[in-house]
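Let me begin by presenting the structure, written as structure tokens, before commenting on it.
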Amino acid sequence: MNVTALKSKTAPATQPKQAETKVLPVNAKKPDSQWPGRVKTIFLANILPPVIVVASLLALWQLVLSGGGASLPSPLEIWQQSGDLILEPFYVAGTQDIGLGWRVLTSLERVAVGFGLAAFVGVAVGAVIGQSQWLMRGVDPLFQILRTVPPLAWLPISLAAFMDSRPSAIFVIFITAIWPIIINTTAGVRAIPQDYRNIAAVLRLNQFEFFTKIMVPSAAPYIFSGLRIGVGLAWLAIVAAEMLTGGVGIGFFIWDAWNSSKLTDIFVALLYIGVTGFVLDRLVAYIGQVVSRGTIT
Amino acid sequence: MSYLKIDHVSKSFPLAGGREALVLDDIRLNIDKGEFISVIGHSGCGKSTLLNLIGGLTEVTKGGIILEGREVNAPGPDRAIVFQNHSLLPWLSVYDNVKMGVQKVFGKTKNRAERHDWIMENLDLVQMAHAADKRPGEISGGMKQRVGIARALAMEPKILLLDEPFGALDALTRAHLQDAVMDIHARLKNTMIMITHDVDEAVLLADRIVMMTNGPAATIGEVLEINLDRPRDRIALASHPEYVRNREALLRFLYERHRFVEAAE
Amino acid sequence: MTLIHPTRRKLLQSFSGIAATAAAARTLLPGGAWAATGTPEVTGATLGFIALTDSAPLIIAQEKGFYAKHGMTEMRIEKQASWGATRDNMNLGSSGGGIDGGHILRPKTHLYTTGSVMQNNNPLPIYTLMGLNEQCQGISVTQDYAESGVGLDSSPLKDIFAAKRAAGEEIPVAMTFPGGTHDLWIRYWLAAGGIDPTTEVDLIVVPPAQMVANMKVGNMEAFCVGEPWNEQLVNQRIGFTACTTGELWQNHPEKVLGMRADWVDSHPIATKAILMAVMEAQMWCEEAANKDEMSEILSKRQWYNVPVADIAARIKGEINYGNGREENRPDLAMRFWGENGSASFPWKSLDTWFVTENKRWGYLPGDLDTAALVNETNRSDLWIEAATDLGLDTSAMGDSRGVETFFDGVSFDPADPDGYLDSLAIKTMV
């Protein structure tokens, strides 16, 4: 079929009449450069509100608990007794006395491996299951039961199975994080609109092409939802597991501080844990955005 | 031998409880190459089902569909479909959406530069070349539908199937796109089958209008030949006696002889 | 402690010598000859500890460089999360990310080796290498009963508990590990006062911090645990110390340094080096002049992470019981070394008592061959070797520390453990 040049049906866009250029006075101000304005907007819109809220809550907390004899420490007490932990996240004063920053990194190392495995296996398993009604009906009750098992309950079993504390910890993270990943991936795969399937049919895409070009991108929002939930659970799991197994992670720090009745240390540790969890969540969300080229919000 | 022969085709769908619903009954239609066929009928008369059968997305229960002498029973790019919901993949740009089909069909026969040119030509055809790098989320409904048409055309299908492609658009956009389709048909002289609800659209665009009876067990009620010269100007045609007569015939079919009755469950 | 009869001394020594060679011959190593000096096979091991003052020698040996002095330059002394975690980590060994040995409750050697507390009942052979300390554990009772007159005599609690039982309430009494030392002390203390620990109270295993926390909210009647928990309880005015365990049985054995049998068998020289280092640490800890420095070191975040005040007083024998009673009893203070190392030397007769007492409460079967188990797990021979290398006089050491006498007049003759069992009124044997 020869395609000859097409005469455009619509009228060619006419050039807008050039406005008469006015001669501006010489001392006209140059427009402000973009940066300070943008920084100011970001600050006012995204940073200031949470800062104000947090500061007010701290003030309220201080007010409520500042009288002597309160069972919980006030923010000022926390600062006085454990402020050094906030100010020096990377000190090293002994093999088992290291800054909370180091402890978080130690715990994160295990999370990285465990979660990475869970992501890989979870998406693969979810994609396979999502395509078969029969499989879904078969495994769904099993998954629903297994996913409610708390991570700590898996620990003795995995220790007995692996006879090594290092893979056991990673297994506990893996088995905790994988369920939302599988379940969400399955949902995403099932939710592929019929239209996309039709396109794939018309184009006669093979299994692999369908998987890479349509299934994965279409299910991506669901998959990343699952990954975000999974990373949060993985972080929870390692903190809890360390309370039982020991070591130099942040979970064991909390257990130890509890044993020594150092409540203010625990509060500071909670701060580190919360911030880390937040960062992890945002990281996964960001990766989702990059991978889906902006279609996942 | 006709280009596309729909030979005593019936289609039933299985229902729960072992029963069957007969949707289309004994459809017989011959279509020539280069014809523009409109299919019109009330809701539920199986128009989309007929299109899906021709497109191969579903299989006939009885009879056969023969395209250029070979039976059709599977989908393929030779019968490209333009869906009512444009169905553009939102994570790909306009260019990439079209490219997907081109890659598949011409991956081995055209080289990269040729494929690129081909894609841009097809986008040009629907006046969307300027938006090649935009995402579907960034363009209007009408533009999306244009891209859908471009994608289908880029596969150089033997038959272009359009399933109420302009149903979701406003009247003005619809008018523009109808013009675009007529243009394309004039230039490419390809075979097109379009489902529509719109009587004016059917008469304006088609060479023949296939009028379906009501479902269930719908069949072809009548086929109306439209003998209007091309190119067709909608404004001029509005008062053209032949146009008006055809339109009247269509309306009588739909609203007098085959009134739409709510299907009793 | 009765002195060993001089003429029996040589006999016992030769018996322990035979036992040592026999034990060595059982291993896969040729000969079993123990070099008096030599370079250790490895320069490090991983020892676990729980944050209790009894583990001090292991830590002091690290802080004061005693391990390095004897060629063990890469020792890892690691805090364990709980006794359960210690058990699991010992089972893994350091090659499995666990520990090679460490600060354990003395009966654990027997409980691990027989497999009775292990996962799937898989036995884990352990050697008792040395005692880490004697006495200075505490039995604490909630402040509610401060006026009841309960102290060394637990009998005032019998009626109190009976009344609570009748009202349908539970009697939570906590200890640290089933079959461990604290479990045995609190059972002995209750039984001596006529209270059956199996039927009249609810004995539960609870981590030390939880013991204190539960008592604070009124959810714990009594517990037995090491220091600094009892001191902390008194300092926080939540409960009082009914008695310190030295009052139950003076100079009673408590924690030991236990290590995996396979590790010791493969690294005899390294084991001896560790023993020598810890002995030096024990001697250092025993000096009154060092107690303050010891408390400072132990209180660090690296080690126990508790205020110095919670450690310092009791290890010197200054006891504030918390119910008005305050005493200065150096004889009740924690002993790390004792006379010529008597607290450090792992007397076999003491192991015999622990096995017997665990039989009393059904943790070990009644027909278990006590002597065989003790001989299999006790390595007092290694202690003698190490002490000799340090130039110490080991002439007073032997297999038996003699007849032991408890506060209620009951006595235990290591030569007749069954007689002891028969003499006890309250027991639940299997």
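The values are calculated or read from the model by the stated rules, or taken from the named source; none is laboratory data. Predicted model, so just to flag it, every value in this text is computed and none were measured. Don't worry about glycine lacking a Cβ; one is built from the backbone with ideal geometry, like all the others, and counts go over all protein chains shown.
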Exercise for review: Please tell me if A:VAL172 is assigned to a helix (DSSP H, G or I), within 14 Å of chain C (Cβ to nearest Cβ), β-branched (Val, Ile, Thr) and touching a residue at least 12 places away in the same chain (Cβ under 8 Å).
Suggested key: yes
Study note, to complete from the structure: Listed by first then second residue, the pairs whose first member lies in the range C:231-256 and is within 14 Å of chain A (Cβ to nearest Cβ), whose partner is among the acidic types (Asp, Glu), with beta carbons under 6 Å and at least 6 positions apart or on separate chains, are C:GLU231/C:ASP310; C:GLN232/C:ASP310
Study note, to complete from the structure: Those residues of the range C:360-391 which are closer than 18 Å to C:HIS252 by Cβ and in a helix (DSSP H, G or I) amount to C:ARG360, C:VAL374, C:SER380
Point to revise | Elements of type strands (runs of 3 or more DSSP E) contained in the range B:149-232, each with 2 or more residues being β-branched (Val, Ile, Thr) | key: B:191-196, B:208-212, B:220-225
Check your understanding: Restricting the search to the range B:75-91, which residues are facing chain A (nearest Cβ under 8 Å) and not hydroxyl-bearing (Ser, Thr, Tyr)?
Key -> B:PRO75, B:GLY76, B:PRO77, B:ARG79, B:ALA80, B:ILE81, B:PHE83, B:ASN85, B:LEU89, B:PRO90, B:TRP91
**Study point:** Residue count, the range A:262-278 (criterion: charged (D, E, K, R) and either away from chain C (no Cβ under 13 Å) or in a helix (DSSP H, G or I) (or both))
**Key:** 1
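Each row is one residue, and each column tells you yes or no for (1) within 14 Å of another protein chain (Cβ to nearest Cβ); (2) out of contact with any Phe, Trp or Tyr (no Cβ under 9 Å at 6 or more places or on another chain).
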residue	(1), (2)
A:LEU85	yes, no
A:PHE90	no, no
A:GLY99	yes, no
A:TRP102	yes, no
A:GLU109	yes, yes
A:ALA124	no, yes
A:VAL128	no, yes
Check your understanding: Inside the range C:92-137, can you point out the residues that are within 14 Å of chain A (Cβ to nearest Cβ) and among the polar types (S, T, N, Q)?
Key -> C:SER94, C:SER95, C:GLN119, C:ASN120, C:ASN121, C:ASN122
Practice item. Give the residues of the range A:220-246 that are within 11 Å of another protein chain (Cβ to nearest Cβ) and crowded, with 23+ Cβ neighbours inside 10 Å, sorted by residue number. Key: A:ALA241, A:GLU242, A:THR245, A:GLY246
Check your understanding: Restricting the search to the range B:27-47, which residues are modelled with pLDDT of 90 or more, small (Gly, Ala, Ser) and surrounded by fewer than 19 Cβ atoms within 10 Å (Cβ to Cβ)?
Key -> B:GLY34
Review point. Can C:GLU254 be described as over 22 Å from A:ASP265 (Cα atoms), in contact with a strand residue (DSSP E or B) (Cβ under 9 Å, 6 or more places away or on another chain) and of a type in the set (D, E, K, R)?
Key: yes
Practice item. Within the range B:36-74, track down each residue that is in a loop (DSSP other than H, G, I, E, B), within 14 Å of chain A (Cβ to nearest Cβ) and not hydroxyl-bearing (Ser, Thr, Tyr). Key: B:GLY56, B:LEU57, B:GLU59, B:VAL72, B:ASN73, B:ALA74
Practice item. State whether one or more residues within the range B:222-233 are of a type outside the set (Asp, Glu), within 14 Å of chain A (Cβ to nearest Cβ) and out of contact with any Phe, Trp or Tyr (no Cβ under 7 Å at 6 or more places or on another chain). Key: yes
Practice item. Among residues belonging to the range B:92-107 that are among the small types (Gly, Ala, Ser) and crowded, with 18+ Cβ neighbours inside 10 Å, point out the one that is farthest from the other protein chains (Cβ to nearest Cβ). Key: B:SER93
Check your understanding: Which residues, taken from the range C:43-71, are closer than 18 Å to C:ASN133 by Cα, of a type in the set (Val, Ile, Thr) and in contact with an Asp or Glu (Cβ under 8 Å, 6 or more places away or on another chain)?
Key -> C:THR53
Review point. Of the residues that make up the range C:327-342, is at least one within 14 Å of another protein chain (Cβ to nearest Cβ), modelled with pLDDT of 90 or more and part of a helix (DSSP H, G or I)?
Key: no
Practice item. Sort through C:LEU11, C:LEU28 and tell me the only one that's at pLDDT below 50, part of a loop (DSSP other than H, G, I, E, B) and either exposed (fewer than 15 other Cβ atoms within 10 Å of the Cβ) or of a type in the set (Asp, Glu) (or both). Key: C:LEU28
Point to revise | Any chance B:LEU24 is over 16 Å from B:ILE193 (Cα atoms), crowded, with 22+ Cβ neighbours inside 10 Å and either among the charged types (D, E, K, R) or touching a strand residue (DSSP E or B) at 6+ places or on another chain (Cβ under 7 Å) (or both) | key: yes
Check your understanding: Does the range A:132-154 contain any residue that is among the aliphatic types (A, V, I, L, M), buried (at least 17 other Cβ atoms within 10 Å of the Cβ) and at pLDDT below 90?
Key -> no
Practice item. Please work out which residue is nearest to the other protein chains (Cβ to nearest Cβ), limiting yourself to the range B:120-148 and to residues that are over 15 Å from the mean Cα position of the chain (by Cα), assigned to a helix (DSSP H, G or I) and small (Gly, Ala, Ser). Key: B:GLY137
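Per-residue answers, yes or no, for (1) surrounded by fewer than 17 Cβ atoms within 10 Å (Cβ to Cβ); (2) farther than 30 Å from C:GLU280 by Cβ:
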site: C:GLY362; (1), (2): yes, yes
site: C:PRO365; (1), (2): yes, yes
site: C:THR370; (1), (2): no, yes
site: C:GLU376; (1), (2): no, no
site: C:ASP381; (1), (2): no, no
site: C:GLU385; (1), (2): no, no
site: C:ASP399; (1), (2): no, no
site: C:ASP408; (1), (2): yes, yes
site: C:PHE412; (1), (2): no, yes
Check your understanding: Somewhere in the range B:4-20, is a residue in contact (Cβ under 8 Å) with a residue 40 or more places away in the chain and of a type in the set (Phe, Trp, Tyr)?
Key -> no
Point to revise | When residues of the range A:88-111 are limited to those that are among the aliphatic types (A, V, I, L, M) and surrounded by fewer than 15 Cβ atoms within 10 Å (Cβ to Cβ), the one nearest to A:PRO193 (Cα to Cα) | key: A:VAL92
Exercise for review: Take the range B:69-102 and flag every residue that is modelled with pLDDT under 90, under 16 Å from B:GLY148 (Cα atoms) and among the polar types (S, T, N, Q).
Suggested key: B:GLN84, B:ASN85, B:SER87
Review point. Tell me, which residue of the range C:297-326 that is more than 22 Å from the chain's Cα centre (by Cα) and within 14 Å of chain A (Cβ to nearest Cβ) is farthest from C:ASP100 (Cα to Cα)?
Key: C:ALA309
Review point. Out of all the residues in the range B:108-118, is one or more within 11 Å of chain A (Cβ to nearest Cβ), among the basic types (Lys, Arg) and assigned to a helix (DSSP H, G or I)?
Key: no
Review point. From B:ILE226, B:ILE209, B:ILE220, which residue is in contact with a strand residue (DSSP E or B) (Cβ under 7 Å, 6 or more places away or on another chain), hydrophobic (A, V, I, L, M, F, W, C), free of Cβ contacts under 8 Å to residues at least 24 places away in the same chain and surrounded by 19 or more Cβ atoms within 10 Å (Cβ to Cβ)?
Key: B:ILE226
